[in-house]
Amino acid sequence: MNRIKQKLQEDKKLLSIYFSAGFPSLNDTVTIIQDLEKNDVDFIEIGLPFSDPLADGPTIQESSTIALKNGMTTEILFDQLKDIRKTVTIPLIIMGYFNPMLQYGVEDFCAKCAEIGIDGLIIPDLPLDVYERDYKAIFEKHGLVNIFLITPQTGDARIQQIDAASDGFIYMVSSAGVTGSQSGFGNTQEDYFSRIENMKLKNPQIVGFGIKDAETFTQATKSTKGAIIGSAFIKHLHKEGVNGIANFVKTIRY
Amino acid sequence: MNYNVDERGYYGDFGGAFIPEMLYPNVENLRQNYLKIMAEPSFKEEFDQLLKDYVGRPSPLYLAKRLSKKYNTKVYLKREDLNHTGAHKVNNTIGQILMAKRLGKKRIIAETGAGQHGVATATVCALMGIECIVYMGEIDIARQAPNVARMKMLGAEVRPALSGSRTLKDATNEAIRDWINNPVDTHYIIGSAIGPHPYPDMVTRFQSVISEEIKWQLKEKEGKENPDYVIACIGGGSNAAGTYYHFLHEEEVGIIAVEAAGKGVHSGESAATSALGKEGVIHGCKTLLMQTKDGQITEPYSISAGLDYPGVGPMHSHLYKTKRAEFYSATDDEAMQAGLELTKLEGIIPAIESSHALAIFKHKAFKPEDVVVICLSGRGDKDLDNYIKYFNL
């Protein structure tokens, strides 16, 4: 069974952490992944940096820019990850924009992910219809789970469609906005969360965007399976470097 | 061969809507409604009225006699430079503001490079009394001060794009991020024939008034609707899309695109996307795109701020790939010389963007009996600083 699906069966609220590969330094990737696993993070989203990340706010944009300046490429990332399964067992997901994958070749990209032991992909700008028509067969052939996003504006019919197309979890964007732009959770989120809860989807939901501390983590996971932290972790890396990952995780899950 | 958009939103292999789910409701709403709204009699009436009384259409089709004599062919100029706000951009912003009103939107955002589309957007927002925010690269804000001032006078807020290379591509990213942040009340007026479907088609249709007029104007002057060639400069390609539209399926009409070669196609400082680009995804569509081997989008260069975009509209990628259009590129020097030549021969100072189309005569010879229509997409007032510096005036 795919590691993601196995993990989703555990009886706990899952914590996922996102970071941009190649940031703060080019070769921090493996250290960060290992440290996150040591500190009981449940799965990891490895950001493949892109020059024009249009769904991301300033924090992740900046970390992507720095990663690219550090020389990060798809090839280098795969090379850094080639032995990752010797030391890391939790699910690993690559999150990135579509163009770098397209240039690498989607088939080659998926084959390489499978070879390394990547479990899934999140590609915000690869729409559902294109995925189903052109790429689904390739993903499935390589045992990769594709994770789709929903937002508070996504209509019920569309959510049902996404649920049907998903085979892992649904990435539930907490509120309108790019990454790192949310100030907190209010009534709008509560309504949205309960709307989704009542839909009784077949796939569990993991909430992302706006999770930055224990309070928002608890709020986000009240009716969902888990939550994803990105910008807040990048900010931590920016300040503290790769040291103190344990301290960061402790502030979320104490 | 079909050169129009298909029902899936593609031009052959290009186009589509490669957008994050956050934008889906807005783009889908637009996709479902744009053709219906454009076909409403009240929409057409308001659009046509504004184009006539506010923009000053039809724009003249002018036989440039001295230019024709010099190149021994018959050259007509489609005078989009005479439109209100000085370029073809306003055809699209008028259309889109009327669309936004009918979609119930209360807030307008736009991106701009040189500021022409920003001014055209700020203008129609002032006309309709709608809030307007224009994203512009920090570097472009510094080098296009008069247009920034115009937008401010028109009541728009000009927000600097501080990310990436701080030019047009980044202004577009920031506008898209704004749209993600404001998913309900905001309409994004994209200025070129780019972006997710239905934008390239919608912008093309609003700009298609250019070729619609060329047809009947040429009939009056030449006794036939079709010229031998239509020629336009291409950045994202909105004036070109409008100039070609009604000729796309007229096989006898040659279609010519002129891109910006900057300091030379292979100099590393160029915006000649058809020569340098590969298929990729930018700003929501699949198209030809200047990028690294690794799929990172590269920064284009041209002396013309309106042409330095790393991609080209998906329709144009299709015209290139199917060889329906001939693609050429003009360097900064060729364009500046062509601009000065038009000024001396015809008393018309063109925008530097349009000067690239005029530079076609450096690359292609036409027959004496050919009827050649060039879209003079904008006037050169905004470029005076550049002309002054370049020619030491």
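From the set of residues in the stretch B:126-175 that are under 21 Å from B:ASP385 (Cα atoms) and among the acidic types (Asp, Glu), which is surrounded by the fewest Cβ atoms within 10 Å (Cβ to Cβ)?
B:GLU138
Within the stretch B:285-313, take every residue that is open to solvent by less than 30 Å² (accessible area, probe 1.4 Å) and away from chain A (no Cβ under 14 Å) and give me the one that is farthest from the chain's Cα centre (by Cα).
B:SER302
Give me the residue from the stretch A:39-72 that is of a type in the set (S, T, N, Q) and surrounded by fewer than 22 Cβ atoms within 10 Å (Cβ to Cβ) and, out of that set, farthest from A:TYR104 (Cα to Cα). Write out each step before concluding.
The initial filter retains those residues of the stretch A:39-72 that are of a type in the set (S, T, N, Q), namely A:39, A:51, A:59, A:61, A:63-65, A:70.
Still in the running and surrounded by fewer than 22 Cβ atoms within 10 Å (Cβ to Cβ): A:39, A:59, A:65, A:70.
Details: A:ASN39: 33, A:THR59: 26, A:THR65: 20, A:ASN70: 20 Å.
The selected residue is A:ASN39.
Evaluate the following for B:ILE297: is it of a type in the set (Val, Ile, Thr), modelled with pLDDT of 95 or more and touching an Asp or Glu at 6+ places or on another chain (Cβ under 6 Å)? Walk me through how you get there before you give the answer.
On the way: of a type in the set (Val, Ile, Thr): yes; modelled with pLDDT of 95 or more: yes; touching an Asp or Glu at 6+ places or on another chain (Cβ under 6 Å): yes.
When the stated conditions are applied, B:ILE297 passes them.
Within the bounds of the stretch B:8-30, is there any residue that is closer than 23 Å to B:PHE247 by Cα and aliphatic (A, V, I, L, M)?
Among the residues of the stretch B:8-30, not one is closer than 23 Å to B:PHE247 by Cα and aliphatic (A, V, I, L, M), which makes the answer no.
Which condition does B:GLY195 not pass, out of (1) surrounded by 16 or more Cβ atoms within 10 Å (Cβ to Cβ); (2) more than 13 Å from chain A (Cβ to nearest Cβ), if it passes all the others?
Of (1) surrounded by 16 or more Cβ atoms within 10 Å (Cβ to Cβ); (2) more than 13 Å from chain A (Cβ to nearest Cβ), only one is false for B:GLY195: (2).
Quick one: A:ILE162 ticks every box in (1) within 26 Å of A:LEU54 (Cα to Cα); (2) more than 12 Å from every other protein chain (Cβ to nearest Cβ) except a single one, so which number is it?
(2)
Quick one: count up the residues across the stretch B:240-255 that are in contact with a Ser or Thr (Cβ under 8 Å, 6 or more places away or on another chain) and open to solvent by 10 Å² or more (accessible area, probe 1.4 Å). Walk me through it before giving the result.
Our first condition is that a residue be in contact with a Ser or Thr (Cβ under 8 Å, 6 or more places away or on another chain); within the stretch B:240-255, this holds for B:241-247.
Next, only the ones that are open to solvent by 10 Å² or more (accessible area, probe 1.4 Å) stay: B:245-246.
Of the residues in that region, 2 qualify.
Would you please name the residue that is farthest from A:VAL207 (Cα to Cα), looking only at residues in the stretch A:95-112 that are open to solvent by less than 30 Å² (accessible area, probe 1.4 Å) and out of contact with any Phe, Trp or Tyr (no Cβ under 8 Å at 6 or more places or on another chain)?
First, the residues of the stretch A:95-112 that are open to solvent by less than 30 Å² (accessible area, probe 1.4 Å): A:95-101, A:105-106, A:109-110.
Among the residues that remain, those that are also out of contact with any Phe, Trp or Tyr (no Cβ under 8 Å at 6 or more places or on another chain) are: A:105, A:109.
On the way: A:GLY105: 30, A:PHE109: 26 Å.
That would be A:GLY105.
It is to be established whether one or more residues within the stretch B:37-59 are in contact with a strand residue (DSSP E or B) (Cβ under 8 Å, 6 or more places away or on another chain) and open to solvent by less than 20 Å² (accessible area, probe 1.4 Å). Full working, then the answer.
Of the residues in the stretch B:37-59, the ones in contact with a strand residue (DSSP E or B) (Cβ under 8 Å, 6 or more places away or on another chain) are B:59.
This time we only want the ones that are open to solvent by less than 20 Å² (accessible area, probe 1.4 Å), so: B:59.
Yes, the stretch B:37-59 contains at least one residue that is in contact with a strand residue (DSSP E or B) (Cβ under 8 Å, 6 or more places away or on another chain) and open to solvent by less than 20 Å² (accessible area, probe 1.4 Å).
Do we find that A:TYR192 is modelled with pLDDT of 95 or more, within 14 Å of chain B (Cβ to nearest Cβ) and within 21 Å of A:GLN160 (Cβ to Cβ) in this structure?
Details: modelled with pLDDT of 95 or more: no; within 14 Å of chain B (Cβ to nearest Cβ): yes; within 21 Å of A:GLN160 (Cβ to Cβ): yes.
Against the criterion (modelled with pLDDT of 95 or more, within 14 Å of chain B (Cβ to nearest Cβ) and within 21 Å of A:GLN160 (Cβ to Cβ)), A:TYR192 does not qualify.
Return the residue satisfying two criteria in turn: it lies in the stretch B:256-282 and is part of a strand (DSSP E or B) and open to solvent by 40 Å² or more (accessible area, probe 1.4 Å), and of such residues it is nearest to B:HIS363 (Cα to Cα). Steps first, please.
Initially, the stretch B:256-282 is screened for residues part of a strand (DSSP E or B), giving B:256-262, B:278-282.
Narrowing further to those that are open to solvent by 40 Å² or more (accessible area, probe 1.4 Å): B:278-279.
Values: B:LYS278: 24, B:GLU279: 26 Å.
The extreme case among them is B:LYS278.
Inside the stretch A:9-38, can you point out the residues that are open to solvent by 40 Å² or more (accessible area, probe 1.4 Å), in a loop (DSSP other than H, G, I, E, B), touching a residue at least 12 places away in the same chain (Cβ under 8 Å) and not charged (D, E, K, R)?
Hit for the stretch A:9-38 is A:SER25, nothing else.
From B:LEU82, B:LEU67, grab the single residue that is in the same structural domain as B:GLY236 (by TED's automatic domain parsing), aliphatic (A, V, I, L, M) and open to solvent by 10 Å² or more (accessible area, probe 1.4 Å).
Numbers: B:LEU67 fails: open to solvent by 10 Å² or more (accessible area, probe 1.4 Å).
Just a single option satisfies the conditions, and that option is B:LEU82.
What is the number of the single condition among (1) away from chain A (no Cβ under 14 Å); (2) touching a Phe, Trp or Tyr at 6+ places or on another chain (Cβ under 7 Å); (3) within 27 Å of A:PRO49 (Cα to Cα) that B:ALA275 does not meet?
So B:ALA275 meets the others, but not (2).
Name the single residue, out of those in the stretch A:47-74 being touching a residue at least 24 places away in the same chain (Cβ under 8 Å) and of a type in the set (Val, Ile, Thr), that is nearest to the other protein chains (Cβ to nearest Cβ).
A:THR74
The values are calculated or read from the model by the stated rules, or taken from the named source; none is laboratory data. Please read all numbers here as calculations on a predicted model, not as lab measurements. Glycine gets a Cβ as well: all are built from the backbone with ideal geometry, and neighbour counts include every protein chain shown. The area values use the complete protein model at the heavy-atom level, side chains included, leaving out ligands, DNA and RNA. Shrake-Rupley method; radii C 1.70, N 1.55, O 1.52, S 1.80 Å.
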